[in-house]
Amino acid sequence: MKIEKCAVLGAGQMGGGIIQVFVTAGFETDVWVRSEASEERAVKKMEKYFGKQVEKGRMTEDEKVACLSRINYIRNLEDIKDADLVVEACAENMELKADIFRTLDENVKPEAILATNTSSLPITKIAAVTNRAEQVIGMHFMNPVPVMKLVEIIRGLETSDEVYAAVEEMSRVIGKTPVEVNDFPGFVSNRVLQVMINEAIFCLYEGIAEPKAVDTVMMLGMNHPMGPLALADLIGLDTVLAILEVLYDGYQDPKYRPCPLLKQYVDAGRLGRKVGRGFYEYE
């Protein structure tokens with residue numbers, strides 16, 4: 001099972017990073033965007049990213065042009081037909097992902113691998129809406145994708161060994177370190193990380209310390225490169241809340257109960273860096 005052409009669904013924070021590492025590694029990549037405005041944003045993002053790589057001496061102008069030429073933007077999911085690997089990187093919503101995978105299953109060539117970048121939703125449940133459950137797998141990249149080396153590879157109940165091996169090899173080709181994880185809510189990364197973030201929010205909610213103090217304790221005391229509240233802002237507070245709700249629903253354990261302050265911030269639209277305001281304010 002050889003992967004030569006890829007497709008990425010979504011060009012946002014995670015999808016954009018996945019596109020960057022795919023085309024940098026030499027893979028032709030179809031990119032599904034929902035609208036003309038989304039495509040314009042994606043084009044600007046890619047030009048800015050690869051332009052910075054040239055400025056920093058990490059690639060030549062010719063290599064930048066080659067990377068950009070490997071990206072093909074499309075508007076209709078039905079047009080993704082010849083990709084060997086499709087990676088869905090859309091919102092953390094089960095109904096949305098199920099609709100996408102049904103459409104992919106009907107249109108992408110039968111031997112294609114269908115992967116999801118979900119950070120917490122069950123791979124087995126996503127695979128069940130298709131007629132190729134053995135070819136559905138989780139590829140959970142870390143943010144920012146071009147920098148972070150880890151890819152959690154999550155097997156669904158039916159995922160075949162052949163598909164796992166192909167995705168594991170692909171991860172190494174794009175410069176990542178693959179780690180095999182079984183299909184449980186939150187996998188490993190978010191099962192551990194989101195509890196820490198949630199507890200940091202509770203520290204703020206209960207008046208124990210201000211955001212900068214909470215983050216400084218974790219950075220200087222535990223040697224974390226970024227504090228949990230700043231990290232939540234980077235991830236997106238709506239995404240943090242969605243993951244915690246999946247954990248709480250999946251395990252029925254109160255330790256995953258989202259902090260009321262997190263819900264309040266999301267209701268207020270204070271979603272973090274992407275909107276300029278979360279636990280901190282950003283220009």
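Considered as a group, the residues in the range 1-20 that are out of contact with any Phe, Trp or Tyr (no Cβ under 8 Å at 6 or more places or on another chain) and surrounded by fewer than 23 Cβ atoms within 10 Å (Cβ to Cβ) include one that is nearest to H140 (Cα to Cα), and that residue is Q13. Only a single criterion out of (1) among the acidic types (D, E); (2) under 20 Å from E78 (Cα atoms); (3) surrounded by 14 or more Cβ atoms within 10 Å (Cβ to Cβ) is not satisfied by E168, namely (2). Only one entry in A230, A133, A127 is under 30 Å from K109 (Cα atoms) and either out of contact with any strand residue (DSSP E or B) (no Cβ under 6 Å at 6 or more places or on another chain) or surrounded by fewer than 21 Cβ atoms within 10 Å (Cβ to Cβ) (or both), namely A133.
Within the range 160-188, the set of residues being more than 18 Å from K5 (Cβ to Cβ) and of a type in the set (S, T, N, Q) comprises S160, T177, N182. Residues in the range 35-57 that are surrounded by fewer than 13 Cβ atoms within 10 Å (Cβ to Cβ) and of a type in the set (D, E, K, R): E36, E40, K44, E47, K48, K52, E55, K56.
Of the residues making up the range 30-52, those that are among the small types (G, A, S), part of a helix (DSSP H, G or I) and closer than 21 Å to V86 by Cα are S38, A42. Number of residues in the range 139-157 that are crowded, with 17+ Cβ neighbours inside 10 Å and more than 21 Å from A25 (Cβ to Cβ) equals 3. Listed by position, the strands (runs of 3 or more DSSP E) inside the range 84-157 whose residues that are touching a Gly at 6+ places or on another chain (Cβ under 6 Å) and at pLDDT below 95 number at least 1 form an empty set. Scanning the range 180-188 turns up no residue that is under 20 Å from A268 (Cβ atoms) and either at pLDDT below 95 or under 18 Å from the mean Cα position of the chain (by Cα) (or both).
All of (1) aliphatic (A, V, I, L, M); (2) outside any loop (DSSP other than H, G, I, E, B); (3) farther than 25 Å from I243 by Cα hold for M14 with one exception: (3).
Taken over the range 137-159, residues that are over 18 Å from L247 (Cα atoms) and either polar (S, T, N, Q) or under 16 Å from the mean Cα position of the chain (by Cα) (or both) amount to 15. The set of residues in the range 127-147 that are closer than 26 Å to G175 by Cβ, in contact (Cβ under 8 Å) with a residue 12 or more places away in the chain and either among the hydrophobic types (A, V, I, L, M, F, W, C) or out of contact with any Asp or Glu (no Cβ under 9 Å at 6 or more places or on another chain) (or both) comprises V136, I137, M139, F141, M142, N143, P144, V145, P146.
The values are calculated or read from the model by the stated rules, or taken from the named source; none is laboratory data. Remember, it's a predicted structure, so these values are computed and weren't measured experimentally. Cβ sites come from the backbone with ideal geometry, for glycine too, and all protein chains shown count toward neighbours.
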